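The structure under discussion appears below in the form of structure tokens.
The values are calculated or read from the model by the stated rules, or taken from the named source; none is laboratory data. Note that this is a predicted model, so its numbers are computed, not measured. Cβ atoms come from the backbone with ideal geometry, glycine included; neighbour counts cover every protein chain shown. Ligands, DNA and RNA are stripped out before the accessible areas are found, and what is left, the full protein with its side chains, is counted by its heavy atoms. Shrake-Rupley method; radii C 1.70, N 1.55, O 1.52, S 1.80 Å.
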Amino acid sequence: MLASFSQAFPPGQLLTRPVELLTYEVDAANDRGTPHAVLLIRSVEDVQKAIRLAAEHGLPIVARGAGTGLSGGAVAHQGGIILEFSQFNRLLEFDPAGRSVIVQPGMVNLKLDEFVKKSGLYFPPDPASGRSATIGGNLAENAGGPHCFKYGVTTNYVTGLQVVLADGRLIQLGGRALDYPEYDFCGLLTGSEGTLGIITQASFRLLRNPPAVKTMMAAFDTIADAGNAVSAIIARGLTPATMEFMDQSMMGIIESYAHAGLPTEAGAALIIEVDGYPASLDPQMEEIVGIVQGFTRREIRVAQSAEERDRIWYGRKSAAGAMARLSPAYYLLDGTVPRSQLADALQAINAVCHSLGLRVAYVFHAGDGNLHPFILIENPSDPTLMERVHQAGRQVMEICVGRGGSITGEHGVGIEKRAFMPLMYSPLELQVMQDIKNVFDPQNILNPGKILPAEGMRPALEPASPAPNLSLPSDLAPATTEEAAELLRALTSQPATLRIRGAGTKSTSLPPAVRTLATHHLRGIYKYALEDLYITVGAGQPLQELQAELARDNMWLPLISPWPQSTLGGITATNYNAPLRMRYGGLRDLLLAATVILPDGRLIRAGRPVVKNVAGYDLPKLFVGSFGTLGLLTDLTFKLAPLPRARRTLAIPFESLPLAIEMGRALLQIALNASALLLCHNITGLSTAPWHLVYSVEGLPQDVTAEIEQVHTILREHNAPAPLPESATPLGNDLWAAWMRTQTQIAQNNPAERLLRLGLAPKDLPAFLQNGSTGTQPYMADLASGLLYLSWQTALTPLVARARELGGYLLPLAGEFPSEPLYQPESLHLMRRLKAAWDASLRFNPVPFLL
């Protein structure tokens, strides 16, 4: 069996001796397994060859980076071949102007961040193991870290993946552009722990590195006081970069080890860090200190220098070393709960550990509710002790799930937590994940035995057989999720096509179907959790009405639609992002969970209302931009944000396109709080100049003022024209929405007109504009996102060809839709396979330009 591998690779590349395999029997957790062999990956071809050989012999394939995982995800517990990627670690492309990077999976997380920071950029995911953890591991587990409350997790920065499938085929998912018209398999594979494909290359977007940072530590009498302080800071509309929690037990353990000056007499402590322009740091920190003082009379220490900041962080970063000194082993869990449930969850976990005679201490990310209880294991060889430890682990998971959370926020499921998956998911939901596994890996050779439990599954739901005399109207409008599920089950045996319709703002140009299912009755606010910054609404809820409700609490959902009546289900299904995604992320980043009825009638709950959840496949992302082809969204849970305290916009007129593009590139380099960077051609409502750059900034007043001053400085340095009066300049996103609304109406009323979206890597969009590809047509270019919105009257073939040359795409938004896709992703066969698995008759919301 291994002879074929030995013949296929040079000497020294395949490790087979028992002593060589010892290192690879474990990761940083407690599960063990011995591989048949370890292959040191040096090329993409190595991966393809190994997978084909493994498939031929029925051997498991397990990808491994640095082995820092904490759930057994990289352990070959069923034998097989480990693909070791630590030497496959090159940075393939760095585009500082377009703020993106392409890397191989063996690159170390910290090295990537340190490299891009030399150019003033920032890669936010920062797991505790970042000094050694690889990008491939970050992707496999969807790693986060202490800064994810403000900046998100790995999936929020992935734009494209090169993947080797279970049959050895190499495909590209996504790419350098944003919002490709394909199922979001990038989001699906991120966090899939190597069970769906082997990632060989990743494209990431980057941010500007915040110019300044300030840190404080506050001590509290009780855990509850610390938790209440966190909630109060968030409710005030502040977004610290970090909020880290330590309890008294952990501080005592650390202090005896590191002598870091922690407040060991306190019940809990918070490390809070803010970032931004220097002018905003003191006001931010003063406001936070004022809030914290309402919950404690103990010491509040604000760092006044880099040395003092390092001193504060030294204690937090010494936690793992201190625990290792105290006990030969520990069981580290990483369940997540909504922030408002932190104190209650900790009390419940303490009670569990006390009842089982176990010592526990905590250090965790309070901003995102990601708990990290360290359960000490004094004697790992004591089976009675280990039984109590595992019993505690299960009860901790039950506590988290029972409070609306997840069994894992960043460590992954792996071997360790697969038995806990039925705590979170119903048998139908687990079966849906198994459907996905079968689509990508029908032979089950990619990291088998991980994530999905062997028990708790059941076959797909049998379609309901309607009575012979059942007659359904052509227009359906269910009032509840349950009613919608019954209707869809009844329709499974009928061949008629079904069109999903929200407000009809984006579906009017699609070919008609025999039946229409409208979502306008599926509306309303189902749950509004202000303390936890999320809201659950019906899919038929108009966005504008929701924003009016949220504004009463100085909150909003950072989405904008050109149409006041647009529903959240329609916006999500079409992935209709405004330029402000450069400030807040896109729909895929804001959607936390959804209730979905699949075409075969199965009702599932995808995701959970927490920022960090890596338990199983990231199902919500599958439905963003799927145009309703995979199921009916009935309710949606979104992450909320505080309303900006200040907003300003500058519009600069240009007579020269090259100068406008040069200035656009310069302004993109300073964008930190920008919510729009648009290049507009022949757009009415500004001035008579043919081109305008529109730059919007929003956030804290001091940050907004500092960034606008930087814009003025750059304009003066380049002898650029003066901006138009601010008082007469609309916000960039409002300008975009008004223009899109007008152009959509023109396209719908004039058969010769089309409204198109062309997506390119941000670095390629300026050259595309300069080479005359757009002619004299009016357009609006989102320079930060690489998206061009274009009014078009002539043949599409030249545009399609040019987009393909540059690795981009063309998507029709309004007007006459083509009968065939203008863009064919390399994952099209997988898309069709998944569609057929859930909709065998292909009758559910047919969208010809997608499939």
Quiz item: Pick from Leu636, Leu632, Leu590, Leu640: which is closer than 20 Å to Gln541 by Cα, surrounded by fewer than 22 Cβ atoms within 10 Å (Cβ to Cβ) and in contact with a strand residue (DSSP E or B) (Cβ under 6 Å, 6 or more places away or on another chain)?
Solution: Leu640
Practice problem: Looking only at the range 149-158, decide whether some residue is out of contact with any His (no Cβ under 8 Å at 6 or more places or on another chain), within 30 Å of Ala268 (Cα to Cα), open to solvent by 20 Å² or more (accessible area, probe 1.4 Å) and touching a residue at least 12 places away in the same chain (Cβ under 8 Å). | Solution: yes
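Give the residues of the range 684-696 that are crowded, with 22+ Cβ neighbours inside 10 Å and under 28 Å from Ala641 (Cβ atoms), sorted by residue number.
Going residue by residue through the range 684-696, those that are crowded, with 22+ Cβ neighbours inside 10 Å are 691-696.
Scanning the range 684-696 gives His692, Leu693, Val694, Tyr695, Ser696.
This table checks each residue for (1) in contact with a His (Cβ under 6 Å, 6 or more places away or on another chain); (2) under 30 Å from Asp839 (Cα atoms); (3) in contact (Cβ under 8 Å) with a residue 60 or more places away in the chain.
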| residue | (1), (2), (3) |
| --- | --- |
| Leu590 | no, yes, no |
| Ile604 | no, yes, yes |
| Val611 | no, no, yes |
| Gly616 | no, yes, yes |
| Ser626 | no, yes, yes |
| Arg648 | no, no, yes |
| Ala651 | yes, no, yes |
| Ala666 | no, no, no |
| Ala671 | no, no, yes |
Self-check item: Some residue of the range 586-606 being charged (D, E, K, R) and more than 27 Å from Val158 (Cβ to Cβ)
Solution: yes
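How many residues does the range 338-369 hold that are outside any helix (DSSP H, G or I) and under 17 Å from His147 (Cα atoms)? Break it down stepwise before answering.
Initially, the range 338-369 is screened for residues outside any helix (DSSP H, G or I), giving 338, 356-365, 369.
Filter again for under 17 Å from His147 (Cα atoms), leaving 338, 363-365, 369.
Residues meeting the conditions: 5.
The rows are residues; the columns are (1) open to solvent by less than 20 Å² (accessible area, probe 1.4 Å); (2) part of a loop (DSSP other than H, G, I, E, B); (3) modelled with pLDDT of 95 or more; (4) of a type outside the set (S, T, N, Q).
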{"position": "His712", "(1), (2), (3), (4)": "no, no, yes, yes"}
{"position": "Arg716", "(1), (2), (3), (4)": "no, no, yes, yes"}
{"position": "Asn733", "(1), (2), (3), (4)": "yes, no, yes, no"}
{"position": "Ile746", "(1), (2), (3), (4)": "no, no, no, yes"}
{"position": "Leu758", "(1), (2), (3), (4)": "yes, no, yes, yes"}
{"position": "Ala761", "(1), (2), (3), (4)": "yes, yes, yes, yes"}
{"position": "Gly772", "(1), (2), (3), (4)": "no, yes, no, yes"}
Quiz item: List, please: which pairs have Cβ atoms under 7 Å, are six or more places apart or on different chains, and start with a residue in the range 211-222 that is among the basic types (Lys, Arg) and end with one that is crowded, with 18+ Cβ neighbours inside 10 Å and not in a strand (DSSP E or B)?
Solution: Lys214/Leu281; Lys214/Met285; Lys214/Ala303
Practice problem: For the range 828-849, state whether one or more residues are in contact with a Phe, Trp or Tyr (Cβ under 9 Å, 6 or more places away or on another chain), assigned to a loop (DSSP other than H, G, I, E, B), open to solvent by less than 40 Å² (accessible area, probe 1.4 Å) and β-branched (Val, Ile, Thr). | Solution: yes
Quiz item: Residues in the range 540-559: is at least one under 22 Å from Tyr180 (Cβ atoms) and crowded, with 20+ Cβ neighbours inside 10 Å?
Solution: yes
Practice problem: Count, please, the residues in the range 31-67 that happen to be surrounded by 21 or more Cβ atoms within 10 Å (Cβ to Cβ) and of a type in the set (S, T, N, Q). | Solution: 0
Exercise. For Asp126, work out the one condition from (1) within 30 Å of Ala578 (Cβ to Cβ); (2) free of Cβ contacts under 8 Å to residues at least 40 places away in the same chain; (3) crowded, with 24+ Cβ neighbours inside 10 Å it doesn't fulfil.
Key: (3)
Quiz prompt | So Glu429, is it closer than 17 Å to Leu188 by Cα and at pLDDT below 95 | solution = no
Quiz prompt | Residue count, the range 560-579 (criterion: crowded, with 23+ Cβ neighbours inside 10 Å and either of a type in the set (A, V, I, L, M) or within 18 Å of the chain's Cα centre (by Cα) (or both)) | solution = 10
Exercise. Only residues that are charged (D, E, K, R), in a helix (DSSP H, G or I) and free of Cβ contacts under 8 Å to residues at least 24 places away in the same chain: list them for the range 382-415, please.
Key: Glu387
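Report, by residue number, each residue of the range 362-415 that is of a type in the set (Asp, Glu) and touching a strand residue (DSSP E or B) at 6+ places or on another chain (Cβ under 8 Å).
So in the range 362-415, the residues of a type in the set (Asp, Glu) come out as 368, 378, 382, 387, 398, 410.
Passing the criteria: Asp368, Glu410.
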Quiz item: Checking Ala738 against (1) part of a helix (DSSP H, G or I); (2) open to solvent by less than 20 Å² (accessible area, probe 1.4 Å), which test does it fail?
Solution: (2)
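Can you confirm whether the range 77-85 contains a residue that is charged (D, E, K, R), crowded, with 22+ Cβ neighbours inside 10 Å and closer than 20 Å to Gly191 by Cβ?
Keep residues of the range 77-85 that are charged (D, E, K, R), which gives 84.
If we keep only those that are crowded, with 22+ Cβ neighbours inside 10 Å as well, we get 84.
Now drop any that are not closer than 20 Å to Gly191 by Cβ, which leaves none.
No, every residue in the range 77-85 fails to be charged (D, E, K, R), crowded, with 22+ Cβ neighbours inside 10 Å and closer than 20 Å to Gly191 by Cβ.
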Quiz item: Scanning for something at pLDDT below 95 and of a type outside the set (S, T, N, Q), does the range 439-449 turn up at least one residue?
Solution: no
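Can you list the helices (runs of 4 or more DSSP H) found entirely within the range 541-596 that contain at least 1 residues being more than 25 Å from Ala674 (Cβ to Cβ)?
Working: elements: 543-551, 568-574, 581-584, 587-590.
Output list reads 543-551, 568-574.
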Quiz item: Taking the range 525-539 only, how many residues are open to solvent by 10 Å² or more (accessible area, probe 1.4 Å) and either of a type in the set (D, E, K, R) or within 17 Å of Arg501 (Cα to Cα) (or both)?
Solution: 3
Quiz item: Residue check, Ala202 against (1) among the aliphatic types (A, V, I, L, M); (2) within 23 Å of Tyr277 (Cα to Cα); (3) touching a residue at least 60 places away in the same chain (Cβ under 8 Å), all met but one. Which one?
Solution: (2)
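Here is a check on your reading of the model: is Leu790 in contact (Cβ under 8 Å) with a residue 40 or more places away in the chain and either buried (at least 18 other Cβ atoms within 10 Å of the Cβ) or more than 25 Å from Met582 (Cα to Cα) (or both)?
Numbers: in contact (Cβ under 8 Å) with a residue 40 or more places away in the chain: no; either buried (at least 18 other Cβ atoms within 10 Å of the Cβ) or more than 25 Å from Met582 (Cα to Cα) (or both): yes.
No; evaluated as a whole, the condition is false for this residue.
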